[in-house]
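Okay, so here's the structure we're looking at.
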Amino acid sequence: MSNNIRIEVSQADLKFVLNKLNGMETKAPGVFRNAVNRTTTQTMRKIRKGRQAYVVSPGAFNAAMDVKRANKTHMVSIITAKDIPHGLKDTKFYKTSSSRKYGVRAKVLKGGLKELVNRNGAKAFYAGVDTGHVGVTHFDVFQRRGSERLPIKKLSGPGVAKMVKSIFKGKNGGEALEPYVLKTLHDEIAAEVAKLV
């Protein structure tokens with residue numbers, strides 16, 4: 001799976017519908033459009049429910065999601081998660097806590113804070129970096145690359161695209177969504193055909 005989730009009709013579904021709608025084949029595109037769009041809506045509900053395992057705010061999560069719905073000529077629906085990883089200081093996506101003993105700890109999933117220590121034992125820390133503009137300083141979470149004072153690197157957490165991929169695969173205790181999407185699509189197609197026959 002890339003950053004896209006495609007919901008589309010298979011050849012078997014096409015044959016099934018055309019056999020059932022004997023004499024009403026012109027209604028088939030509407031059947032497929034309705035079934036694909038309903039499946040998309042139910043899949044988005046499952047993805048939003050899976051989002052609750054993360055500390056990301058609902059507004060930031062929904063802003064990174066894009067849904068292209070099916071129509072009668074293009075019977076494919078595409079759910080896209082379109083964002084990049086953000087700095088750990090971005091409170092819409094992550095929660096952080098700082099102490100002298102542990103350094104900066106971060107929380108991406110609801111549960112516990114994770115210590116940010118690299119293989120050299122360097123702890124993460126808050127720092128301000130000049131942006132190049134007069135009087136403007138950027139504050140974020142950084143970590144030393146080695147045992148020396150410099151260089152340092154900015155730490156980022158996973159973006160919404162990676163969160164959606166984990167939700168779709170059923171990681172973090174959720175159910176895998178691919179079998180659910182296929183079953184829901186077949187059920188919706190059968191329900192649409194039953195309305196017409």
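Only the coordinates and a few stated rules stand behind these numbers; no lab work does. Keep in mind it's a predicted model, so treat the numbers as computed, not measured. Here the Cβ positions follow ideal geometry from the backbone for every residue, glycine too, while neighbour counts run over all protein chains shown.
So what's the range 97-197 giving for Cα Rg divided by 2.2 N^0.38 Å, two decimals? Let's see the in-between values first.
Working: Rg = 22.6 Å, N = 101, 2.2 N^0.38 = 12.7 Å.
Rg over 2.2 N^0.38 Å, computed on Cα atoms: 1.78.
For the chain, with only Lys/Arg (+1) and Asp/Glu (-1) charged at the beta-carbon, what is the dipole magnitude about the Cα centre, in debye rounded to 20?
Using only the charged Cβ atoms, the result is roughly 740 debye.
Whole-Hz ³J(HN,Hα) for each residue in the range 191-197, computed from phi via Karplus 6.51 cos²θ - 1.76 cosθ + 1.60 with θ = phi - 60°, x for glycine and proline: what do you get?
Going residue by residue, I get 5, 5, 5, 4, 5, 8, 8 Hz, with x marking Gly and Pro.
Find which of 128, 111, 98 sits farthest along the positive direction of the dipole of the range 95-154, computed with +1 on the beta-carbon of Lys and Arg, -1 on that of Asp and Glu, about the Cα centre.
The listed residue farthest towards the positive side: 111.
Under 16 Å between alpha carbons, and skipping anything fewer than 8 positions from residue 27 in its own chain: which lysines qualify?
Partners found: 15, 72, 195.
P(r) tail for the range 1-153, what percent of Cα pairs lie past 26 Å?
Numbers: 6009 of 11628 pairs.
Result for the distance tail: 52 percent.
Tell me, Kirkwood radius of the range 95-154 from alpha-carbon pair distances, in Å?
Numbers: mean 1/r = 0.0794 Å⁻¹.
Evaluated over the range 95-154, this radius sits at 12.6 Å.
Find the all-direction average of the projected area of the Cα convex hull for the range 60-124, expressing the result in square nanometres with one decimal place. Mind dumping the intermediate values first?
Numbers: hull surface 25.7 nm².
Hull-based average projected area comes out at 6.4 nm².
With a cut-off of 8 Å between alpha carbons and a minimum separation of six or more residues, what is the relative contact order of the chain in percent?
Once normalised by length, the contact order is 24 percent.
Cα to Cα, under 18 Å, and not fewer than 8 places away if on the same chain: which lysines meet these conditions relative to residue 107?
Output for residue 107: 89, 92, 95, 123, 154, 162, 171.
Between residue 136 and residue 48, how many nm apart are label points set 7 Å from Cα along the C-beta direction?
3.5 nm
Taking residue 165 as the anchor, which aspartates and glutamates have their alpha carbon closer than 20 Å to its alpha carbon, excluding any fewer than eight residues away along the same chain?
Of all the aspartates and glutamates, those that pass the test against residue 165 - Cα under 20 Å, at least 8 places apart if same chain - are 8, 66, 83, 175, 178.
For n ≥ 4 DSSP H runs only, could you compute -39500 (n - 2.57) per run for the chain, divide by its residues and tell me the 222 nm figure to the nearest 500?
Working: 5 runs with 70 residues, N = 197.
Counting only the DSSP helices, I get -11500 deg cm²/dmol.
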